[in-house]
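Colleague: Pasting a structure below so you can have a look.
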Amino acid sequence: MNTKTILVNTASPDKARSKVLIIYTGGTFGMAHDKDGTLIPFDFGLILEHLPTLRTMSLQLTVVSFEHPIDSSNINPEHWQLLAQIISDHYNTHDGCVILHGTDTMAYTASALSFMLEGLAKPVILTGAQLPISEPRSDARENLITALDIASAKEDGAPVVPEVCIYFDYELLRGNRSKKVESMQFDAFDSGNYPPLAKAGVKIDYNRSVIRKAEIHKGLHVHQTFDSGIAILKLFPGISRPIVESILKTPGLKALILETYGSGNAPTVLWLIDALKAAIDNGIIVVNISQCPGGMVLQGRYETSRDLLRIGVISGADMTSEAAVTKLMLLLGGHAPEKVRVMIGKSLAGELSE
Ligand code: ASP
């Protein structure tokens with residue numbers, strides 16, 4: 001995968017107040033009409049033509065663009081490795097980073113990066129748009145301008161938001177708590193289990209008490225190894241035994257996310273509990289994540305989750321599926337199963353409430 005770098009000094013001729021890295025991956029944000037009227041990814045070197053107001057922000061921007069911008073439905077762990085590499089290469093020389101990304105899988109990328117970038121002490125803000133920047137009613141302009149403002153915001157010399165976030169439609173959300181919840185309206189993201197870190201109105205109102213404290217002494221340590229031997233099994237009334245059993249017997253399966261009802265409940269039928277128990281006894285890690293966007297898994301609260309607790313299903317508490325998928329792939333890539341079993345239920349980057 002190749003990238004190209006463009007320097008955009010929006011501060012010239014004045015001195016820049018901050019240096020921000022922009023990584024352009026693709027998505028709806030950067031689409032523009034070509035001469036035949038077809039939507040194609042725009043040339044990021046022309047950003048000042050689309051957004052002349054950037055000139056008033058006194059920022060020095062380094063733009064690293066994917067050579068072939070992608071629809072985010074095509075994102076995979078190799079792209080996450082590339083993103084983490086670009087961030088780490090520019091980490092010491094820049095104050096923060098904005099990633100322009102398609103909305104479809106933005107919550108997965110934000111979650112993955114939050115676990116990959118251990119010891120992060122600077123803002124990494126993902127944003128995108130529901131309407132391309134070339135459209136008159138586009139949300140791209142506001143999303144980018146405010147994301148840049150947040151990525152460069154400092155207080156007493158320290159970054160205000162030293163974590164991986166999604167900024168979209170006037171709200172700043174913790175990345176690994178976010179979900180795409182809307183594909184037509186502008187309010188595409190929500191974090192049902194965690195309050196917004198900031199709201200952008202006339203000014204940007206930061207909710208400092210819910211923003212993570214940076215562990216500056218640690219330094220940035222990038223985790224890069226993924227293991228994709230995982231699956232999600234979403235329960236539904238009438239789910240059939242042969243299908244469940246065949247998923248649990250899939251060769252190479254190391255961990256399963258069981259998407260349960262409500263506070264972590266599942267049917268009490270014996271065949272289901274037996275199949276899950278056999279898988280767990282065979283070393284497969286089973287994590288309970290609720291289908292509810294709000295609330296949390298509490299195994300044992302109802303009779304319908306008591307057996308899950310007994311056979312060794314691990315509670316995913318209030319983690320999103322997006323966080324659970326990326327965390328499991330990364331943990332399995334770097335640790336033995338016994339350690340993964342312990343770490344999956346612990347908060348690594350603020351993704352769950354302990
Ligand atoms: N399909 C697009 C993507 O995720 C949608 C978007 O950008 O909003 O890349």
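Colleague: Of the listed pairs LYS4/LYS218; LYS254/LYS339; LYS4/LYS327; LYS154/LYS218; LYS254/LYS327; LYS35/LYS180, which have alpha-carbon separations greater than 22 Å here? Don't skip to the end; give the middle numbers.
Modeller: Working: LYS4/LYS218 30 Å; LYS254/LYS339 13 Å; LYS4/LYS327 29 Å; LYS154/LYS218 20 Å; LYS254/LYS327 13 Å; LYS35/LYS180 32 Å.
Table pairs above 22 Å Cα-Cα are LYS4/LYS218; LYS4/LYS327; LYS35/LYS180.
Colleague: With bins 10 Å wide starting at 0, give me the P(r) of the range 1-64 over every alpha carbon pair, in whole percents.
Modeller: 20, 48, 26, 6, 0
Colleague: Now for a different question. Take every DSSP beta bridge with both residues inside the range 21-149 and express the antiparallel ones as a percent of the total, to the nearest 5.
Modeller: Details: 3 of 16 bridges.
Rounded to the nearest five, the antiparallel share is 20 percent.
Colleague: So how much slack lies between LEU48 and HIS33, counting 0.36 nm per residue of separation and subtracting their Cα-Cα distance, in nm?
Modeller: So the extension gain works out to 3.7 nm.
Colleague: As a test, work out the antiparallel percent of DSSP beta bridges whose residues both lie in the chain, rounded to the nearest 5. Walk me through the numbers before you get to the answer.
Modeller: Working: 26 of 59 bridges.
Here the share of antiparallel DSSP bridges comes out near 45 percent.
Colleague: Could you tell me the center-to-center distance, by alpha carbons, between the range 1-73 and the range 209-250 in angstrom?
Modeller: First find each Cα centre; the distance between them is then 32 Å.
Colleague: Thinking of the chain as a set of Cα atoms, what percent of all their pairs are more than 40 Å apart? Each step should come with its number before you reach the end.
Modeller: On the way: 10626 of 62481 pairs.
Within the chain, distances greater than 40 Å cover 17 percent of Cα pairs.
Colleague: I'd like the Karplus ³J(HN,Hα) series for the range 58-66: coefficients 6.51, -1.76, 1.60, θ = phi - 60°, whole numbers in Hz, and an x wherever there's a Gly or Pro.
Modeller: Using θ = phi - 60°, the values come out as 6, 10, 9, 10, 10, 9, 10, 10, 4 Hz.
Colleague: Still on this structure, I have one more. Between LYS203 and GLU78, 0.36 nm times their residue separation minus their Cα-Cα distance comes to what?
Modeller: Values: separation 125, 0.36 × 125 = 45.00 nm, distance 3.72 nm.
My answer for the length gained is 41.3 nm.
Colleague: Kindly provide log₁₀ I(q)/I(0) values, in the same order as q = 0.18 Å⁻¹, from the Debye equation applied to equal alpha-carbon scatterers of the range 255-341.
Modeller: Calculated log10 I(q)/I(0) at the listed q: -0.73.
Colleague: Size of the dipole of the chain about the Cα centre, Lys and Arg at +1 and Asp and Glu at -1 on the beta carbon, nothing else charged, in debye to 20? It would help to have the intermediate numbers written out before the result.
Modeller: Numbers: 32 positive and 38 negative charges, 161 e Å.
Using Cβ point charges on Lys, Arg, Asp and Glu, the chain gives about 780 debye.
Colleague: Right, here's the next one. Leaving out ligands and nucleic acids, and using a 1.4 Å probe, what accessible area per residue does the range 153-294 come to in Å²? Display every interim value, and only then the final one.
Modeller: On the way: 7120 Å² over 142 residues.
Counting only protein heavy atoms, the per-residue value for the range 153-294 is 50 Å².
Colleague: Determine the share of the range 1-113's accessible area contributed by carbon and sulfur atoms, expressed in whole percent, with a 1.4 angstrom probe. Could you put the intermediate results ahead of the total?
Modeller: Working: 2410 of 5080 Å².
So the carbon and sulfur contribution to the accessible surface is 47 percent.
The values are calculated or read from the model by the stated rules, or taken from the named source; none is laboratory data. A quick note: this is a predicted structure, and the numbers were derived from the prediction, not measured. Positions of Cβ are backbone-derived with ideal geometry, glycine not excepted, and every protein chain shown enters the neighbour counts. Note: accessible area is taken over every heavy atom of the protein model, side chains too, but ligands, DNA and RNA are not part of it. Shrake-Rupley method; radii C 1.70, N 1.55, O 1.52, S 1.80 Å.
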